[in-house]
Structures are given as C-alpha cells and as structure tokens.
Amino acid sequence: MEIITLLKANIRRRKGTFISIVILMFIISMALTLIFSIRKSCDDSLNDAYSCAKSADVTVMLKDALLTDEMRQKLDNEAIIDHYTVTPTAVISYGIDSPKVSNKNSCFFTPLTEGIKLVNEECNGYAEKIPPLSKGEIYLSYGSKSKFKCNIGDKVTAHTISGDYDLTVKGFVVEPMFGAMVIGWKWQFISQEDFDMIMAANAAENSDDHCGTGYIVQIYKPDDCTLSDGKFRRQVNLDTDIISNAWGSMTKDTSTHYTNIYSDIIMGILLVFILILATVVLIVMGHSISTGIEMDHTNLGILKSQGFGNSKIRISILLQYLIAEVIGGVLGIFCGLPLIGIITSVFDTISGCITETHPALCKTLLYLLAIIEISVVFIIITTHKVCKISPIRAISGGRNEIYFDSRIKLPISAKLLSPTLAVRQFTSAKRRYAASVIIAAILVSFMLMSNALSAAINSRKAGETMGIEVKDVIINFNEMTQKDQIDDIMETVKEYDPIHRRYVSLGTYISLNGEEIYCRMDFYPEDIITTKGRAPKYDNEIVITEMVADEFDLKLGDIVKIAKFDNHKEFVICGIYQSMADTGMSTSITEEAGESLGLHKRTDYCSIMLEDETKAEEIKTALENKYGDTLKVTLGKSDDENKLIESAIEIMRLIIYSFSMFFALVVVSMVSSKAFTQEKTDIGIFKSQGFTTGKLRLQFAVRFLIVSILGALLGTLMCSLFMNKLLTFLLKGIGVTNFYTPLTPASILIPAAAICVCFFLFALLVSRKIKKVGIRQLITE
Amino acid sequence: MKKSILTAKSLSKSFAHNGEQVHILSGVDLDIYEGDFTVIMGASGSGKSTMLYALSGMDKATAGSVMYDDQNIVLMGEKELAKLRYSDFGFIFQQMHLVSNLSLYENVVVSGYLNKKNSPAEVRERADKLFKRIGIDHIKTHLPSQVSGGEQQRCAIARAVINQPKLLFADEPTGALNRKNTTEVLDLLTDLNKNGQSILMVTHDIRAAVRASRLLYLSDGNIIGELNLSPYGQTEEKSREAQVNAWLNSLEW
C-alpha cells in the first residue's frame, strides 16, 4: 500500500515525465505494430494468393518445341518432383501498349486458369465471382494497373510475332507469381477464342529467330521435400536440363522476394530506426531517473528515515516508468491497428496483390516485452543510486553539488554575456547534457542516412556506382535491331552530346553451374565498370556481381559451366561488377559469347547516359526526326518505376524526419524541464541581479543549441563510420553491395540545421516557465 | 533634513491560503532616507522579509505604492524592474545565493556587465578593488562550494555593490553565519554605510541591529516602533546594545 501511495505521488508530481514516456512508447509501439503487421499482411496475402492460384514451387516458361517427349519423360521420372502441370501459352514477344505506356517486356497469354481472383472495382478486395471473358477482352494482372497506367475499359495492344491485337481491359486479377510491378514478365488472361486465334497465328510465324508459342510448366515439390525452392530448381535442372532450355523460370521464393522487395527494404530501415529510437527512450529514462534522484535527494532521505528500504523506493520508481511504458505500448497497438490497411494499400499496386489486414500482435508484443524487459534491467541499474543516499546526510542538506568544476572554462564575456553564460551552464553540467547530445546524434545520423538514400536515388554518380542504370534517353525499337544500326544511332547522339555510358543488351536467363541466373549479352561490354578484374573481351569471359559471387562462392579467375538451350560452355570469371539488374543476381557477357550460346545479336531496347542530361530533350527530337517510326524515344526522368521508388524513399524520409522532430520535441521538453527544475534557484538569482526573462530564456535555449551542435557533429561522424555498412546491409535485397554515399555539404547541413533549430526552438518554448519563476523563492522567512 | 529615497504608502501584501486571505503587510507607510543604515526588526513571521522584498521590487505588493525616483515600483514592468536591479538597487540574501557554477569573481562581474553604463574594464577594475577591500581576493577564482559561508556572503555583498547602488537591501545577511563571519560581514556593511551607502537591512540579531542608525519594529504587518541612533562607532557598543534592548523590551519583543 505504501508503495502505491508513493507511486501515485510520484506520478502526480512528475506528470510531464510520465506523459513523455507514454508518448515515446506510444510512437514505438505504433510503429512496431505497423511494421510487423504490414510485413505479415503482405506475406499472408501473397501466400493466400499462391495457394488459391495453386502456384507452383517453380514456374518455367519454355519454347513449345523444347518440351519434347524426352523432356516430359525426364520430368516424369524425376524423383524430387511431386507433380507438374503444362499450360500452353501465347507469347507476346514485343510487349503490350496501353493508351499511356509502351511496355516492351514479354507477356504470356493463357485462358483464365483455376484459382485466379478478380480485384473488385474499388480495388480494396476481391469480387465474389470472376465473369468469363468474351472475345476481345483481357484480364490484366493487378501489378499492370500501375505499370501500364490503365483502367477498366481501356484498350491495350498486344504486339506478337504474328501482329498486333487490340483488347479491352475487363478487370484486374491477382496472378501472384509474376504479378509484382518489379517483375518484367507478366501472365495475362484472355478468352479461349482469342487464345486459339493468337496461338494459331503465332505458330504460323514461328521460326528459329522468333517463337510465339510456348508452355508454362509448373513444377511442384512433394510436401515432405526439405529443399529450398532455389535448390529444388537447381536439382531439377541438373537432372532434366529444363531450366537451361527455358526462356526463364521463377521460384515461389524469388517471386516472394521480388513482390515484397520495396516494402521489406522500407520496413527494414524503419525497423532499425524504431529500435534505435527505443534505445533513445532508454537514454531519456536513464537521464530522467538519475536527475530525479539527484533532485529528490532530501525527500528520499526523509523516506529512508521513516523506514522505507532501498528496494521499496526503487520499486516505486520502477513501477512509475513501467506503467508509463505499458500505457504507451497498449495505446500504440490500438492506434496502429486501423492504420495497417491504409498503409498496406500503398504497396498493393507495387506487389500486385490485394493485401488483407493481418495484425502481427504476437510479434509486436514480443518486441515490446523485450524493450520493456531491457528497460526494467536498465531502471534497476540506474536506481542503484538510491542505495547510496544516507538519511541523515540527505536531511541535513548534505546533497552533492549538482555542478562540478570543469576544465573547459571559457571566460564570461561582457559583450556576449548570455551566450557565454549558456556555455558555462553547459560545461559545468556536461553529464546532464551527455544523454541529449547522444540523442541528437542518433536523430541526425538517421536523418543523414535518409538524405543519403534519397541522394543516392537522385544522384547520377551514386546511381552509376551502385549499379543503377542511369538512363537519360530510352529507345524502344519497333523491331529487333542489329548492332550496326545501333552504332549509327550512337553516332547521331554523339553529334549533340558525348555519351557517358551505353546500356544496350539482350537480357536472358542462363544456367550457371546449374543455377538459373540473369545474363546480359552486352553490345558495348567496354562500358561495364568493374570493381575487380576487367570487363569481358572474349567469347569465354563473364563478369558477375558480388552477390552472385557470394551466393555461389565464386571468385575472379574461377571457371564456370554456362548453358543456354542446348549449348554448354565453360567461361572464366574475368571481373566483378555492380548491377542492380534482377536485384543484383546478374551476369554479363560479350555479344560473341552470347552468340556462342545461341543468342541472337539483336535487341529491341537500349538506353543512354549522357554527359549532359539537359541535352536529352534535344537528342530525343533529333532521333525521332531521323529515324521516324522505327523507334520510340522516351526520357529517363519520366521513368515511372524510378518515380515510384523515389516517392517511396521520400515517404520514408518524411517519416524519419517527422519522427526525429517529434522525438527532439519530447526529449528537449523532458531534459529541459529537469534542467529548469534544477536551476530554479539560479534563475531566481539571475533575475534578482537584473536579468530579464527574455535574456534568461535565450541563455537556456543556447545551451540546447550547443547540445544539438555537438550532437550533429557526433551524428555526422557516426554516419560516416556506419551508414554505408548499414545501408549496404539493408539494400542488399535490391542488389546494392557497395552503397555509395553521395553526401554533400548541403545534405549534411540540412538535417544538422533542422535538429539544431528544433532543439533551440523547443527549449525556447519550454523556457516560457522562466517567466513564472519569482525571486520570492529565494526568500528565507 | 534627511532626503527620502524610497517612500512606501499603504503597502499591503496578502496571500490566499486554503481559500482564506492572510495579510502579511497591512498598509505600511514608510520612508527610507539617503545615507541611513535602516534596520527592520520583528518577531519571526512578522513579515520583515516580505516587506523588504516588496520595497525592493523583488516581489509585487498586493496594494499600495513604493515610490523611487518619482516612479512607483509596484507598477513597474519586468524590464524596468530588471534595470532598477542592475543599476540602482543591490540585494543581499540570507542564503547568499551565488550562482554555483560561476567563480566568486564571475558572480560579481556578471552583475556588473549587466549595467551597460559600465565598461567591462571598469567593472573588472571595480571588482578587483572590492575583492581586495573585502579580503577575498586570494580565492576569487574559487567556486562558491569551495569557500566558507562568510566568504560567500562577502562575495554576495561585493556583487550587490558592484553597480554602486543607491540603496542596498539585505535580508538577514548574517542569518546563516557563525559569530566570526557575522562580525566580518557587519563590519563590511558598516564600512560601506560610513562611505555613504544607504542600507535597508532585515534582522532579528541584536548584534546586527546595533549597527543601524535607524531601527524600525514590525509587528502583525505594521510598523509599531522606531528608534534613531547615533552613527555606529560614536558611542560604546555596550551602551548601544542596552539602548536597543530596552527599546525592544518596550515593544514586547
């Protein structure tokens, strides 16, 4: 009972601290609820879609001629395959054009298959039934809605080897294997009538160079198979050669990785940020407890003299913070729940899946419990100070001096009286402000990190270093084009501006030591920038990314077995390079090497990075004038996928900035309130000497400005030491193995200045209380 | 004819306590004269310190006026009061109240720097002289926590007079000091008064009271007695003490 009485009194007397801890825990709990629930919702919804559509563990796209009886027999005999299905498909080799977007990625058309779900008109759930398609109608996968910028009723044109077909969008369906926006290939659905017509027309046009008919082979593992999807695919390929012969394949794991790639990265960064903010809360609590004990020295001495033991006093302090944490935690969960659906809907068009809300309460509670447990240990350690209080010494005023002599003693200047006094207040109570400096440093470093990320997306140099293709001019050819024609285009471009880099290649999937891997047959391999070794020159040389090297334990000089269709050849790894193609799992060879693997030296797409990006518009006009209808030129800056990623990064930056500002507000309020209480007498003394409230408030706020400047410096240092490693770790998922920091003075100064201004203004705001301090409290009656 | 430098008329101060008005000062009328060493005495809780704070503008009176230099202190705003504190009034507290993270010297010069009429060099020169005069020159770089109570109070006096105030207020300046330190502080104040410094001091210590040239007695929020003495040093201390004691006894102290 006595503990409860003490606890109630403590909470009443320290309402500000109590509320601050509730708010900080509220933010952390809400953020954790959102992060885990969004991840769970995305995963669960995708898994539901997989099971509904009966998606296979490995889906292979294969030229129809290559699914021979022999291949079928191999598949039938393969012990690790449970079963497989074969679905004929019409290949839309040259992509689909919508009224707004021209897309060159291949598509695969089939009639509607079992288990495919139709997205309702509001795009927030599924329709109960999926109406059959009539002639001329198409169901597009949901990821195509944003990729093609089209809506129900729009006309789209499918470009096949047998000609163009106009189709009307009847609706959007969830096809989970290839549905994500980041996946190039798409599986779309048309009526049986249209399908038969296109298949027949394509079959008539099939040749060695072109193939418009194929099969989608869906291979399933037995339920008791312990192999990962990747290993399962490798084993199947080693035994049957089906992947080596295929246009490409997709495992369920890879599809999940691509589908959730952006939500995973953004949530990963936010999770690290939130967990570090939890550390900030611990620092704030430690500071609050420590100064609280210092200020309550006499009262605690009185309590001890009345028979309160150390443990009772410590329990009352512990409970005070514990209750605040629990209240904040519970409130955070309740307020986070309604937001899950709103935020997941943002990722729906990227993932191509309708995400149903599945709160991850257990995981959130586990994390919150872990945070609370750590804080309990922390509080127990911090309250150890209570044991050192002697009742007699405390009551007789034997309190330790709050201030300490400091070696950093700047003289008090007459001209800069308030600032120099502020410096003195800071240097003589360094320990009190150390926690605030660390907090400011953490906030600044995260703001810097989000700036770096944003700058990396927008910086040409950074993008190039990290393997992002910086495209100023994008050219789509109406027909497959030979290299000599492309050379001619490059010469035309050079008349206007020197070319910095050419991205001209034919992308395909090859088998590397039995593993399916993305490979580019580069028309200008000399433009490849390697981090180790050199670019490929000869027809038996290959460059691989660091991720491929790590994944398959390969190094420079190693010999690898490459297979494509029926061609098998040994290649030597001549270089390691950085590329984000196929999320970093990418390789590159010369066109001669590609030819030796049966690939044709033609492409329908190329892009150029100019020395001067401002010339892009002029070059676009020149190319269109010279080459007319044979090609379509677009400018890189209008690339929708880039815009989407930029917006996602900007949203994350906004969240980090707002959280940082809010934390700065709460932290400054808490720390300055304590400082204010401790210095009430000093404020009274200064007032009695003729200092005005304005001067004292300025003096008070300048101290926090010093704190924030030191924090900003420390934060910048922390950032320069750890940011690249942390971001490389977090961004590995999209193929960045070497994060390049394009930090400029402006990108450092902006967050540093933002935190300094916040600390200064918030301290100035809190210091309003100074007005209320009267000299009366110095009176001893 | 003495010249009044501070005039209080119907000065009242009351507090609300548990919903009831408690009157500490009940319409005090008072003049403080230039060059005087005025001492206010009274029993504990009689409102001595409250009156001192109300007269010095450190605390707001509930009613009445305090005229200084034709201006009513009670009606002054924060900036005017601040100016008054660093230019015309000096204040000594019972508990010294030095800023604990400033050295003794810095405690004094900071108050001097506030008055822009003084150049920084002037302030430092005056502070140096004061430190020598009050005998704490050798410890001027020490922090308040590193010196004795008497030394702290001497520093507080130096701080109060650094701006050469017209009137020096002292609230039981010897209340927290031992006998030796008390004598030293009182000698210092007496010395200042002899050099023309007007002082208004609150005390309940007879040894401090005998230093006064004018004694006032406060009871139940009103001045009920006044005793004028010859300047300190002109008469023997014992007879002076007897005179003050007799006066206090007559007031049932």
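Scan region B:85-126 residue by residue and report those that are under 25 Å from B:L200 (Cα atoms), basic (K, R) and more than 7 Å from chain A (Cβ to nearest Cβ).
Listed by number, the residues that qualify are B:K117, B:R126.
With the requirement that a residue be modelled with pLDDT of 90 or more and more than 12 Å from the chain's Cα centre (by Cα), what does region B:155-182 give you?
B:C155, B:A158, B:R159, B:I162, B:N163, B:Q164
Among the candidates B:I134, B:I199, which residue alone is in contact (Cβ under 8 Å) with a residue 60 or more places away in the chain, more than 13 Å from every other protein chain (Cβ to nearest Cβ) and not hydroxyl-bearing (S, T, Y)?
B:I199
Looking only at residues that are of a type in the set (S, T, Y) and touching a residue at least 60 places away in the same chain (Cβ under 8 Å) in region A:572-597, which one is surrounded by the fewest Cβ atoms within 10 Å (Cβ to Cβ)? Show your work before the answer.
Narrowing region A:572-597 to residues of a type in the set (S, T, Y): A:577, A:579, A:583, A:586-588, A:590, A:596.
If we keep only those that are touching a residue at least 60 places away in the same chain (Cβ under 8 Å) as well, we get A:577, A:579, A:583, A:586-588, A:590.
Details: A:Y577: 22, A:S579: 27, A:T583: 20, A:S586: 23, A:T587: 24, A:S588: 27, A:T590: 24.
Ranking the candidates gives A:T583 first.
So, in region B:1-53, exactly how many residues are without any contact (Cβ under 8 Å) to a residue 60 or more places away in the chain, among the β-branched types (V, I, T) and part of a strand (DSSP E or B)?
Total satisfying the criteria: 1.
Restricted to region A:508-542, and to residues that are of a type in the set (A, V, I, L, M) and under 27 Å from the mean Cα position of the chain (by Cα), which residue is surrounded by the fewest Cβ atoms within 10 Å (Cβ to Cβ)?
The selected residue is A:I529.
Tell me, yes or no, whether region B:174-188 has at least one residue that is in contact with a helix residue (DSSP H, G or I) (Cβ under 7 Å, 6 or more places away or on another chain) and at the interface with another protein chain (Cβ under 9 Å from one of its Cβ atoms).
Checking region B:174-188: at least one residue is in contact with a helix residue (DSSP H, G or I) (Cβ under 7 Å, 6 or more places away or on another chain) and at the interface with another protein chain (Cβ under 9 Å from one of its Cβ atoms).
Applying the selection to region A:475-502, what residues are of a type in the set (V, I, T) and over 19 Å from A:N105 (Cα atoms)?
Listed by number, the residues that qualify are A:I486, A:I489, A:T492, A:V493, A:I499.
Could you check region A:352-391 and list, in sequence order, the residues that are over 30 Å from A:I261 (Cα atoms), surrounded by fewer than 13 Cβ atoms within 10 Å (Cβ to Cβ) and aliphatic (A, V, I, L, M)?
Answer for region A:352-391, where residues must be over 30 Å from A:I261 (Cα atoms), surrounded by fewer than 13 Cβ atoms within 10 Å (Cβ to Cβ) and aliphatic (A, V, I, L, M): A:V377, A:I381.
Is it true that A:M285 is closer than 21 Å to A:F676 by Cβ and either in contact with a helix residue (DSSP H, G or I) (Cβ under 9 Å, 6 or more places away or on another chain) or in the same structural domain as A:N10 (by TED's automatic domain parsing) (or both)?
Working: closer than 21 Å to A:F676 by Cβ: yes; either in contact with a helix residue (DSSP H, G or I) (Cβ under 9 Å, 6 or more places away or on another chain) or in the same structural domain as A:N10 (by TED's automatic domain parsing) (or both): yes.
Yes, satisfied.
Are any of the residues in region A:612-629 more than 17 Å from A:D539 (Cα to Cα), in contact with a helix residue (DSSP H, G or I) (Cβ under 9 Å, 6 or more places away or on another chain) and in a strand (DSSP E or B)?
Within region A:612-629 (the criterion being more than 17 Å from A:D539 (Cα to Cα), in contact with a helix residue (DSSP H, G or I) (Cβ under 9 Å, 6 or more places away or on another chain) and in a strand (DSSP E or B)), the answer is no, since none of the residues qualifies.
Filter region B:133-185 down to the residues that are in a helix (DSSP H, G or I), of a type in the set (V, I, T) and touching an Asp or Glu at 6+ places or on another chain (Cβ under 8 Å), then identify the one that is surrounded by the fewest Cβ atoms within 10 Å (Cβ to Cβ).
B:I139
Looking at A:S647, A:S658, A:S708, can you tell me which residue is buried (at least 19 other Cβ atoms within 10 Å of the Cβ), among the hydroxyl-bearing types (S, T, Y) and more than 14 Å from chain B (Cβ to nearest Cβ)?
None of the others qualify; the one that does is A:S708.
I'd like the full set of residues that are exposed (fewer than 15 other Cβ atoms within 10 Å of the Cβ) and among the hydrophobic types (A, V, I, L, M, F, W, C), limited to region B:210-250.
B:I224, B:A242, B:A246
Output the residues belonging to region B:62-83 that are within 12 Å of chain A (Cβ to nearest Cβ) and touching a helix residue (DSSP H, G or I) at 6+ places or on another chain (Cβ under 7 Å).
Across region B:62-83, the qualifying residue is only B:E78.
Do any residues in region A:258-279 that are within 18 Å of A:D348 (Cβ to Cβ) have Cβ atoms under 8 Å from those of residues that are surrounded by 22 or more Cβ atoms within 10 Å (Cβ to Cβ) and among the hydroxyl-bearing types (S, T, Y), where the two are at least six apart or on different chains, and which pairs are they?
A:T259/A:S351; A:N260/A:S351; A:S263/A:S351
Restricting the search to region A:308-357, which residues are in contact with a helix residue (DSSP H, G or I) (Cβ under 7 Å, 6 or more places away or on another chain), among the aromatic types (F, W, Y) and either closer than 18 Å to A:Y126 by Cα or not in a helix (DSSP H, G or I) (or both)?
Result: A:F347, single match.
Which of (1) among the hydrophobic types (A, V, I, L, M, F, W, C); (2) without any contact (Cβ under 8 Å) to a residue 24 or more places away in the chain; (3) crowded, with 21+ Cβ neighbours inside 10 Å is the odd one out, the single condition A:A200 does not satisfy?
(3)
One residue is enough: does region A:677-691 have a residue meeting the conditions away from chain B (no Cβ under 14 Å), in a helix (DSSP H, G or I) and out of contact with any His (no Cβ under 6 Å at 6 or more places or on another chain)? Steps first, answer last, please.
Narrowing region A:677-691 to residues away from chain B (no Cβ under 14 Å): A:677.
Those left that are additionally in a helix (DSSP H, G or I): A:677.
Filter once more, keeping what is out of contact with any His (no Cβ under 6 Å at 6 or more places or on another chain): A:677.
Yes, region A:677-691 has at least one match.
Quick one: is A:T168 touching a residue at least 60 places away in the same chain (Cβ under 8 Å) and among the polar types (S, T, N, Q)?
no
Of the numbered conditions (1) assigned to a helix (DSSP H, G or I); (2) charged (D, E, K, R); (3) surrounded by 14 or more Cβ atoms within 10 Å (Cβ to Cβ), B:K79 fails exactly one; give the number of that condition.
For B:K79, the exception is condition (3).
Considering (1) away from chain B (no Cβ under 14 Å); (2) part of a loop (DSSP other than H, G, I, E, B); (3) modelled with pLDDT of 80 or more, say which one A:L743 fails and leave the rest.
(3)
Could you pull out the residue among B:Q146, B:Q164, B:Q153 that is touching a strand residue (DSSP E or B) at 6+ places or on another chain (Cβ under 9 Å), over 23 Å from B:E34 (Cβ atoms) and either in contact (Cβ under 8 Å) with a residue 40 or more places away in the chain or not charged (D, E, K, R) (or both)?
It is B:Q153.
So, in region B:82-107, how many residues would count as being part of a loop (DSSP other than H, G, I, E, B) and hydroxyl-bearing (S, T, Y)?
Kept after step one, since they are part of a loop (DSSP other than H, G, I, E, B), are these residues of region B:82-107: B:88, B:93-103.
Then drop every residue that is not hydroxyl-bearing (S, T, Y), which leaves B:100, B:103.
Total satisfying the criteria: 2.
Of all residues being within 8 Å of another protein chain (Cβ to nearest Cβ) and among the polar types (S, T, N, Q) in region B:43-57, which is nearest to B:I92 (Cα to Cα)? Just the residue, please.
B:S49
Being part of a loop (DSSP other than H, G, I, E, B) and among the charged types (D, E, K, R) is the filter here, so list the residues in region A:95-130 that pass it.
Here is the first cut: in region A:95-130, the residues part of a loop (DSSP other than H, G, I, E, B) are A:95, A:98-101, A:104-106, A:112-116, A:120-125, A:127-130.
If the condition is that a residue be part of a loop (DSSP other than H, G, I, E, B) and among the charged types (D, E, K, R), then A:K100, A:K104, A:E114, A:E121, A:E122, A:E128, A:K129 are the ones that fit.
The values are calculated or read from the model by the stated rules, or taken from the named source; none is laboratory data. This one's a predicted model, so the numbers in the text were calculated from it and none came from an experiment. Cβ: placed from backbone, ideal geometry, glycine included. Neighbour counts: every protein chain shown.
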